[in-house]
1. For the range 198-210, check the following and say yes or no: at least one residue is outside any loop (DSSP other than H, G, I, E, B), in the same structural domain as GLY49 (by TED's automatic domain parsing), in contact (Cβ under 8 Å) with a residue 60 or more places away in the chain and more than 23 Å from PRO457 (Cα to Cα).
2. Quick one: would you say ASP397 is in a loop (DSSP other than H, G, I, E, B), more than 15 Å from HIS448 (Cα to Cα), assigned by TED's automatic domain parsing to the domain that holds PRO512 and in contact with a helix residue (DSSP H, G or I) (Cβ under 7 Å, 6 or more places away or on another chain)?
3. Mind listing whichever residues of the range 487-523 are surrounded by 23 or more Cβ atoms within 10 Å (Cβ to Cβ) and touching a strand residue (DSSP E or B) at 6+ places or on another chain (Cβ under 6 Å)?
4. Does ILE216 satisfy the condition of being under 17 Å from VAL100 (Cβ atoms), within 25 Å of the chain's Cα centre (by Cα), surrounded by fewer than 22 Cβ atoms within 10 Å (Cβ to Cβ) and assigned by TED's automatic domain parsing to the domain that holds SER106?
5. Given the options LEU90, LEU43, name the one that is surrounded by fewer than 24 Cβ atoms within 10 Å (Cβ to Cβ), in a helix (DSSP H, G or I) and in contact (Cβ under 8 Å) with a residue 12 or more places away in the chain.
6. Going by the structure shown, is VAL431 closer than 21 Å to THR206 by Cβ and either touching an Asp or Glu at 6+ places or on another chain (Cβ under 6 Å) or in contact (Cβ under 8 Å) with a residue 12 or more places away in the chain (or both)?
7. Testing ALA35 on (1) at pLDDT 95 or above; (2) touching a Ser or Thr at 6+ places or on another chain (Cβ under 8 Å); (3) not charged (D, E, K, R), one condition comes back false. Which one is that?
8. Test of understanding: among PHE285, PHE250, which residue is within 30 Å of LEU130 (Cα to Cα) and among the aromatic types (Phe, Trp, Tyr)?
Amino acid sequence: MQRAILALFLVLLGIAPLVLSEFHVTLLNYIGLSALVALGLVLLTGVGGLTSFGQAAFVGLGAYASAYLTTATDLPGWLAWAGGSPWVGLAAGLLLTAVVAWLLGSFTLRLSGHYLPLGTIAWGISLYFLFGNLSFLGGHTGISGIPPLELFGLELKSGRAFYYVIWVMLLAAVWITRNLLDSREGRAIRALKGGTVMAEAMGVDTARSKIIIFLIAALFAALSGWLYAHMQRFVNPTPFGLHIGIEYLFMAVVGGAANVWGALIGAGLITILKQWLQDLLPKIFGASGNFEVIVFGIMMILVLQRARDGLWPILARLVPEARRSSRAVPQGQALPKKAMPQAGADILEVRNVFKCFGGLVANNDMSLTVRAGEVMALIGPNGAGKSTMFNCISGVDLVSEGEICFLGERIDHLTARAIAHRGMSRTFQHVRLLPAMSVLENVAIGTHLRGDKGVIPAMLHMERTEEQRLLAEAARQIERVGLKASMFEQAGSLALGQQRTLEIARALAADPCLLLLDEPAAGLRYMEKQALTELLRRLKAEGMGILLVEHDMDFVMGLADRVVVMEFGEKIAEGLPEEVQSNPAVLEAYLGGVE
């Protein structure tokens, strides 16, 4: 059904300029140009969670770069070879945009919260006024006489001739964006929105992923600007101002900011409504003005209240989904595995670690050792500092003082990503997963550091062999922990106990030799705890070291080889489970005193 609708859409696109008037063809051209920019915002804002109001400025970079190169008669000698050709102008515009976007992104993407969109507003306004104040760009008058595109010796001077160029490029952008999101790199990008800490712990370079989507969104905007310049054959700063940047963001949000096809829906709806309202509202109010902006503002409020995910998910629900039975479990050659350390060897050493948050000492002179092929339990009352200790060991937090060594290497100065690459993996006290993604995709994030195909192969679908191997590994770990029946369900639909089990599968997919489990039995029923106990015993038998934080004492005492007890950030006891259970200091900490 979905393929049939897509085929019908493509057929209608193909015949549109043959049956529609010049006005409607021009309208479709503007929809295509806007959709190209909105598509970048879907990737940047909807998927990556990075709000940008400045995309119109990147449209201007693409337009002005080509307009200048194809019209200037006094180009410097080193640039003279690039003059005259719109296709060289395209390459120059994309290159210039990539450089500017990389420089802006390097600073802007360090901001978070409301500071990020404010930063994009700042450079968006700056570039807009730069276009209007540079004399060689024509100032606010702009540049005219831009040559038309030539394709196979034909000049594309009319809107009908230009139509197919715009829509072919837009559909190509949709294709590569969908390919990217359906890949190892795409999962890393999707993890940026609400899952940065988890992704870093799984070996994802989130700063790199942010720059990637920022660059892609900017390049899509520059491509739209290049097409606009050679279709209009005239540019001035007006279409590249902040208000147009807001309009592009509006298109993405209304259409469905987290969906590729939402860009087309939003661009089509807003472009058509804008044209219709500009004709209708002056007649109603008896005066000219930008009344459509008022309507768009009201519409935005209604969309944010009634359909926060945009219109595309509403439309998509009208189309039957593929039957679950058709979803085959991924198959692929097994990934290489690290050699486990020798059983009994010290793999983690924590020496005299302090962690302070201002005046609060969360970990006070903590020391412990975990050996290969054993389960070490870290227990203590709530607030004892156990999860802080986990965060210091895994690189989420930097220690204030002391040393942490893993496999003989000091790691207390390393990032969580670097530590994950060395063979340590973890779960979290408060479950960290991506609820809208399937169980399979969530677990596949754990395999990220076991692949190496980059963005370009992902966009061109040239990494399918590696992708199948990564998904097959994720599927094996899902079966291993007993979640096979839920493999294609949304992770957010699982019960809390199953979500914790999912986190264990994700951690195992990274092929660790040390597994850090933060309250893995919380929320599990009796039989699920028994299954988890058996799994951890098998992992221990394979030579894996396990550091376990847990409040269920029956679970801990029946599984752990050694136990460390914490209270108020300090170690108060260490030993065999039976020794710890009878330790007066432990009884004092848990029960408030002994008789």
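1. Yes: the range 198-210 contains one or more residues that are outside any loop (DSSP other than H, G, I, E, B), in the same structural domain as GLY49 (by TED's automatic domain parsing), in contact (Cβ under 8 Å) with a residue 60 or more places away in the chain and more than 23 Å from PRO457 (Cα to Cα).
2. yes
3. Those that are surrounded by 23 or more Cβ atoms within 10 Å (Cβ to Cβ) and touching a strand residue (DSSP E or B) at 6+ places or on another chain (Cβ under 6 Å): ALA507, ALA510, LEU514, LEU515, LEU516, LEU517, ASP518.
4. No, not satisfied.
5. LEU90
6. Judged against the criteria, VAL431 is a match.
7. It is condition (2) that ALA35 fails.
8. After ruling out the rest, the residue left standing is PHE250.
The values are calculated or read from the model by the stated rules, or taken from the named source; none is laboratory data. The model shown is predicted, which means the values in this text are computed figures rather than measured ones. Virtual Cβ from ideal backbone geometry, glycine too; neighbours counted across all protein chains shown.
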